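I have placed the structure first, in the form of structure tokens, so that the comments after it can refer back to it.
The values are calculated or read from the model by the stated rules, or taken from the named source; none is laboratory data. Bear in mind the structure is a predicted one, so any value in this text is a computation, not a measurement. Virtual Cβ from ideal backbone geometry, glycine too; neighbours counted across all protein chains shown.
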Amino acid sequence: MKQRTIANLQVGAIGLGGMPMSIEGRPDPQRSIDTIVAALEAGVTLIDTADAYHIHADEVGHNETLIAQALATWGGDASQVLVATKGGHQRPGDGSWTVNGDPAYLKQAAEASLKRLGVDAIGLYQFHRPDPKVPYEDSVGAIRDLLDEGKIRLAGISNANPDQIRQAQQILGGRLASVQNRFSPVFRSSEPELRLCDELGIAFLPWSPLGGIGRAGQLGEQFQNYADIGERHGVSPQQVALAWMLAKSPHVIPIPGASRPESIRDSVRAADLQLTSDELVDLG
Ligand SMILES: NC(=O)c1ccc[n+]([C@@H]2O[C@H](COP(=O)([O-])OP(=O)(O)OC[C@H]3O[C@@H](n4cnc5c(N)ncnc54)[C@H](OP(=O)(O)O)[C@@H]3O)[C@@H](O)[C@H]2O)c1
């Protein structure tokens, strides 16, 4: 697969999002392990997760645990795989998502993720979402401390606006490795953040790049031009969407979610799909 970089690390241009394997509608654990292994076999070296990818209150880190299990059973070199997790969201078990950006909480959440992943240091740790009750500099300050202590190798933020990206870059002393925001053909309002990351040389990881769980399959029905261009190349509209965002900047690394091996195998092929400039203009 074509490679991209996050800070000084090379990763495949298409990553895997772990959320569909652990939240409402998730498959049985074996299908999830098969999906992660299929991704690894297809050349995926970036897997995105979060401690909050679970359903019930007593299974925090459900997705991190699955990823650790899959990496342990896979015959390949797990040291080449960047597992990117997050802290700052919580799921109390009633279907809701809450935020907690308290620095002490974030530090203990990172410790717990580290143990579940079974590593000495987390590859990439991302502050999941700003908490309106906690000053942003305090939450990002906790991420900086984790970096300084060697508990995490790279630091990222998620759901951030341009001011927060600049602020985080300053708090981290120029060590902000990635920004993860929602971006897809359906949801384009993170274009300014994508452009800023491009300018600053920071990796931009579009979340829900296919429009989100339960909607990704209908992308070609929603956008006829994605279906038409896909047909011309003999590929899925989902591949066209991923290739379209890859073409926006060399710093873009989409993380399509999957809960079936076939989905991620298809998505990975987008890394090698070359769209023409006319097609890119048409896709917008
Ligand atoms: N930072 C944040 O706040 C945040 C928020 C949401 C998500 N995320 C991250 O971003 C990742 C991606 O977002 P998402 O999972 O919400 O949405 P998504 O990637 O837009 O859509 C996921 C769905 O797409 C389907 N799919 C994947 N590849 C496909 C293909 N080539 N053709 C047809 N269908 C395909 C999968 O179906 P199957 O399940 O049938 O395989 C999956 O359920 C998440 O998994 C998570 O890691 C982060």
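Quick notes
- Look at segment 126-138: where a residue is free of Cβ contacts under 8 Å to residues at least 60 places away in the same chain and over 22 Å from ALA7 (Cα atoms) and a partner is assigned to a loop (DSSP other than H, G, I, E, B) and of a type in the set (D, E, K, R), sitting 6+ places away or on another chain with Cβ atoms under 6 Å, you get VAL134/ASP102.
- Residue among SER259, SER236, SER208, SER249 that is more than 8 Å from the ligand (Cβ to nearest atom) and of a type in the set (Ser, Thr, Tyr): SER249
- Long-range neighbours under 9 Å by Cβ, at least six apart or interchain, first residue under 11 Å from ALA270 (Cα atoms) within segment 222-240, second near the ligand (Cβ under 10 Å from one of its atoms) and of a type in the set (Asp, Glu): VAL235/ASP266; SER236/ASP266; GLN238/ASP266; GLN239/ASP266
- Count of segment 95-130 residues which are closer than 19 Å to ILE157 by Cβ and acidic (Asp, Glu): 1
- Residue in segment 204-227 that is surrounded by fewer than 16 Cβ atoms within 10 Å (Cβ to Cβ) and of a type in the set (D, E, K, R) present: yes
- Qualifying residue in segment 266-284 (condition: touching a residue at least 60 places away in the same chain (Cβ under 8 Å), polar (S, T, N, Q) and part of a helix (DSSP H, G or I)): yes
- Wholly enclosed strands (runs of 3 or more DSSP E) of segment 1-104 bearing at least 2 residues within 13 Å of the chain's Cα centre (by Cα): 9-12, 46-48, 82-87
- Of the residues making up segment 102-127, those that are over 16 Å from ILE47 (Cβ atoms) and not small (Gly, Ala, Ser) are ASP102, PRO103, TYR105, LEU106, LYS107, GLN108, GLU111, LYS115, ASP120, PHE127.
- Test: residue in segment 88-98 that is more than 12 Å from the ligand (Cβ to nearest atom), farther than 19 Å from VAL11 by Cα and of a type in the set (D, E, K, R): yes
- Restricting ILE6, ILE36, ILE14, ILE47 to residues that are crowded, with 19+ Cβ neighbours inside 10 Å, modelled with pLDDT of 95 or more and either near the ligand (Cβ under 9 Å from one of its atoms) or of a type in the set (D, E, K, R) (or both) narrows the list to ILE47.
- Listed conditions (1) more than 14 Å from the chain's Cα centre (by Cα); (2) buried (at least 21 other Cβ atoms within 10 Å of the Cβ); (3) not aliphatic (A, V, I, L, M) are all met by PRO254, apart from (1).
- Within the set GLY118, GLY156, the sole residue that is more than 14 Å from LYS86 (Cβ to Cβ) and either touching a residue at least 24 places away in the same chain (Cβ under 8 Å) or not hydrophobic (A, V, I, L, M, F, W, C) (or both) turns out to be GLY118.
- Residue within segment 188-201 that is near the ligand (Cβ under 8 Å from one of its atoms) and buried (at least 23 other Cβ atoms within 10 Å of the Cβ) present: no
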